[in-house]
Amino acid sequence: MSHPHNPKRPRRVTARTPAKVNVQLAVGGLRDDQFHDLANVFMAVDLHDTVTVEPAEELLVTVSGRDAHEVPADASNLAAQAAWLLGERYHRDPYVHIHIEKNIPVAGGMAGGSADGAAALLAIDALWETKASRSALLELAARMGSDVPFALYGGIALGRGRGELLTPIKPDDGGEREYHWVFALAEGGLSTPAVFHECDRLRMASGGGHLSADVPMPDPAPELLAAIRGGDTVGLGRMLAFGLNDLQEAALSLRPELRATLDAGTAAGALAGLVSGSGPTCAFLAAGEEEAVQVAKALRESGMCRDAIATRGPVPGASVEVVE
């Protein structure tokens, strides 16, 4: 299976991928395959991880940057899985050195691991010159995890199924809108499976069922989609205030201190705040860039989080940046 390196082939390829915020995360009941049906409104934001790949004698993963020590540098890393899946598809040994430069918080509900998997798919495809089609890459991404296809996709999209069946959501007038976000980073992470388990437990404890037969099929909120299609920041904030993340109560149950973080962000002037995905990062929508900077400053000074980052979205998905 091994291929000798062609001197004309790339020696090193770098790709980068954005983080995401879940503007809505509606969660159905537990399915027989142990997944939940989702209606997931994703927005890609301007906070990126960078992945560089080059030929190697074995599959090797190294990590630098924010929280690097918390990232698995073994076969469980989605970037390593990208090498295995592409190798399997194109009959190659998955022997590459994958270096991940972390900027997206680890286990923060912002799909940082999924972002690395998507960037690795693109980078290894370019390094090996396998020229995989967009649909082939999306299919491999879906095998890697529910959030990986959106990391390739970017922009704003509705994810159905486990989140991997994507439909873009664009402004009705075809223009580009910019939304300003602040992310309050918590100490430590939260396990996504643990948060889903807690969601199921809370549903059972409340007297309702937690299985797919008991919980209605999740749907996006029509008013939320209308706000996005209309480019209405205030309307979007109004909808976020309704608590559109069905995992939020589970995340708050596991990490009660996050309630104080949410309160601090809205007290600082955010239009709305919510737990991002499975948490523990809290996301705040601000009226504009200046307001986002003020909210981030107030959150840092509040002591309710270890850091706060002002950023914007939507931004494009994963892209190859450098081929050497």
Subject >> Prolate/oblate/rounded call for region 170-277, Cα gyration tensor, a/c under 1.5 rounded >> reply: oblate
Original post:
Near residue 102, which lysines are there with a Cα under 22 Å away, not counting those fewer than 8 places off in the same chain?
Top reply: 20
Original post:
Using 1/(1 + (r/R0)^6) with R0 = 41 angstrom and r between the beta carbons of residue 319 and residue 214, what's the FRET efficiency to the nearest 0.05?
Top reply: 0.50
**OP:** Go through region 217-227 residue by residue and turn each phi into a ³J(HN,Hα) via Karplus (6.51, -1.76, 1.60, θ = phi - 60°); whole Hz please, and just put x for glycine and proline.
**Re:** 4, x, 9, x, 6, x, 5, 5, 4, 5, 5
Subject >> For region 304-315, Karplus couplings with θ = phi - 60° (6.51, -1.76, 1.60), whole Hz, Gly/Pro x >> reply: 7, 8, 7, 6, 9, 10, 8, 8, 9, x, x, 10
Original post:
Using θ = phi - 60° and the Karplus curve 6.51 cos²θ - 1.76 cosθ + 1.60, what whole-Hz ³J(HN,Hα) does each residue of region 137-153 get, with Gly and Pro shown as x?
Top reply: 5, 5, 5, 5, 4, 5, 5, 6, x, 5, 9, 5, x, 5, 4, 6, 6
**OP:** For the chain, find the longest principal axis of its Cα atoms and tell me its angle to the long axis of helix 192-205, 0 to 90°, nearest 10.
**Re:** 30 degrees
Subject >> Net length gained if the chain between residue 242 and residue 46 were fully extended (0.36 nm per residue, minus Cα distance) >> reply: 68.1 nm
**OP:** Treating only the Cβ atoms of Lys and Arg (+1) and Asp and Glu (-1) as charged, compute the dipole magnitude of the chain about its Cα centre; round to the nearest 20 debye.
**Re:** 340 debye
Subject >> Extension gain, residue 287 back to residue 131 (0.36 nm per residue minus Cα-Cα distance, nm) >> reply: 52.0 nm
Original post:
Taking Cα centroids, how far is region 154-187 from region 291-324 in Å?
Top reply: 15 Å
Original post:
Order of 315-322, 206-213, 178-185 by packing, highest average Cβ count within 10 Å first?
Top reply: 178-185, 315-322, 206-213
Subject >> Under 5 Å, built H, 5+ apart or other chain: amide partners of residue 65 >> reply: 102
**OP:** At 0.36 nm per residue, minus the direct Cα-Cα distance, what do residue 165 and residue 263 gain on full extension? Give it in nm, one decimal, please.
**Re:** 31.9 nm
**OP:** Would you calculate the separation in nanometres between label points at residue 306 and residue 95, each defined as 7 Å from the Cα along the Cα-to-beta-carbon direction?
**Re:** 3.7 nm
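Sort 20, 131, 8, 170 by Cβ crowding within 10 Å, fewest neighbours at the top.
Ranked by crowding around the Cβ, least crowded first: 8, 131, 170, 20.
Values in this text are rule-based calculations from the coordinates and carry no lab data. Just so it is clear, the structure is predicted and the values come from calculations on it, not from any experiment. Glycine also receives a Cβ, built like all others from the backbone with ideal geometry; neighbour counts cover every protein chain displayed.
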